[in-house]
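This report refers to the structure that appears directly beneath it.
The values are calculated or read from the model by the stated rules, or taken from the named source; none is laboratory data. This one's a predicted model, so the numbers in the text were calculated from it and none came from an experiment. Every residue, glycine as well, gets a Cβ built from its backbone with ideal geometry; the counts of neighbours run over all protein chains shown. The area values use the complete protein model at the heavy-atom level, side chains included, leaving out ligands, DNA and RNA. Shrake-Rupley method; radii C 1.70, N 1.55, O 1.52, S 1.80 Å.
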Protein chains: 2
Amino acid sequence: MITKESIFESHLKTKGLKLTPQRKAILEEVFASHEHFDIEELFANLRNKGKRISRATIYRTLPLLVESNLIKEAFRYQDKVSYEHIFGHGHHDHLLCIKCGRIIEFMDEKIEELQEAVCKKYGFKPTEHRLGIKGYCKKCISHE
Amino acid sequence: MITKESIFESHLKTKGLKLTPQRKAILEEVFASHEHFDIEELFANLRNKGKRISRATIYRTLPLLVESNLIKEAFRYQDKVSYEHIFGHGHHDHLLCIKCGRIIEFMDEKIEELQEAVCKKYGFKPTEHRLGIKGYCKKCISHE
DNA sequence: ATTTTAGTTGAGAATGAGTCGCAATTAAAA
DNA sequence: TTTTAATTGCGACTCATTCTCAACTAAAAT
């Protein structure tokens, strides 16, 4: 069975790296919720569970999770990078409320196709794409 | 006649600010080429033309140009923010080659419409959207 | 004309996210 | 048991960006 642990471990193996307790703890914490998260939150959550893992280790581990295709950088908001899961989640884009910070995920197959078509037109081989729409969510419009 | 100067000046006026020589020089330099630029480049270009304007002033001025709707943040690449013109240029999105750094601008009316539709669906009032596709450009694919 | 008032600037200090060097630690392989 | 190589935490460091502040406009008020 393919689990996030097995994916992570095999990626580490290809780089001659080990699945240490710290890396395992970070992996678990990352997948402990389904929310977007940033590094500072992750650090704090680990602390709250008594895991004293240094920021440096977290900063070193997240790129490994990204390379493993388990998570990805989702967007930036107020100069912080937010990450989200890939494992167990389909691709989607984001609406981001600039007033309350709410994040709405959406997925539009037609938009995806059109993006493909654009790439084809320019002979471009995409590896990643990101569509982010900033504005005001329903609640924040009505409370204005 | 509406010029970038008049737009900038009237925006400044609404905030009780003045169009100083420094701000004017920055405005001109920003529009001196049609390329994307980052702050360090702008600073260097001004220096090369003998204008010794401090980084602080540039950092203070760019947000004013953004508020004036003359320029906008286009994308981030290697932790640098790239800006581009709005004045005199239609909206477009970007293909960014992660090998050679080439930027291809594109615009797809259909994608724009679909984004509008998504916003409508969620009762979301968009103020800005950004679609960036990273990958390999034509040249970099064939040279691999 | 002189003074007030308020915005502006440059220099450098301060901030803060992210990175790096290093000595101590761990664990697998020999 | 020894060797070897990866790993960790700490704190120093970097680098973009922001802030502070004293000196400097320039327009408005007197």
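General observations
- Folded to 0 to 90 degrees: helix B:4-14 orientation relative to chain B principal axis, Cα: 70 degrees
- Peptide B:97-104 has a mean shielding of 1, counted as Cβ atoms of other protein chains within 10 Å of each residue's Cβ.
- Measuring against 25 Å, Cα to Cα, the residue pairs A:Lys80/B:Lys125; B:Lys13/B:Lys72; A:Lys99/B:Lys99; A:Lys99/B:Lys121; A:Lys110/B:Lys120; B:Lys15/B:Lys49 contain A:Lys99/B:Lys99; B:Lys15/B:Lys49 as the ones spanning a longer distance.
- Note on chain B: GNM, Cα springs under 10 Å; of B:Glu35, B:Glu73, B:Glu116, the largest mean-square fluctuation is that of B:Glu116.
- Cys with no candidate disulfide partner in chain B (beta-carbon separation under 4.7 Å rule): B:Cys100, B:Cys119, B:Cys140
- Candidate cross-link partners of A:Lys138 among the aspartates and glutamates, defined by an alpha-carbon separation under 15 Å and a same-chain spacing of 8 or more, comprise A:Glu105, B:Glu116.
- On Cα atoms only, tilt of A:109-122 relative to the major axis of chain A in degrees: 90 degrees
- Rounded to the nearest 10 degrees, the angle from helix A:21-30 to the longest Cα principal axis of chain A is 20 degrees.
- Rounded, prolate or oblate (a/c below 1.5 giving rounded, otherwise prolate when a/b exceeds b/c) for the stretch B:91-144 by Cα gyration tensor: prolate
- Highest-MSF residue in chain B out of B:Phe75, B:Phe124, B:Phe31 [GNM, Cα springs under 10 Å]: B:Phe124
- Accessible surface buried by the A/B pair amounts to about 3000 Å², both sides summed, 1.4 Å probe.
- Considering only the stretch A:91-144, percent of DSSP beta bridges that pair antiparallel, nearest 5: 50 percent
- A 1.4 Å probe run over chain A, with the rest of the protein chains in place, finds 57 Å² accessible per residue.
- Cα gyration tensor category, rounded, prolate or oblate, for chain A with a/c compared to 1.5: oblate
- Value of Rg to Rh for the protein assembly as shown (Rh from inverse mean 1/r over Cα pairs, i.e. Kirkwood): 1.00
- Each part reduced to its alpha carbon centroid, the stretch B:19-82 and the stretch A:76-111 end up 30 Å apart.
- Rolling a 1.4 Å probe over the protein heavy atoms of chain B, with every protein chain left in place, gives an accessible area that is 52 percent carbon and sulfur.
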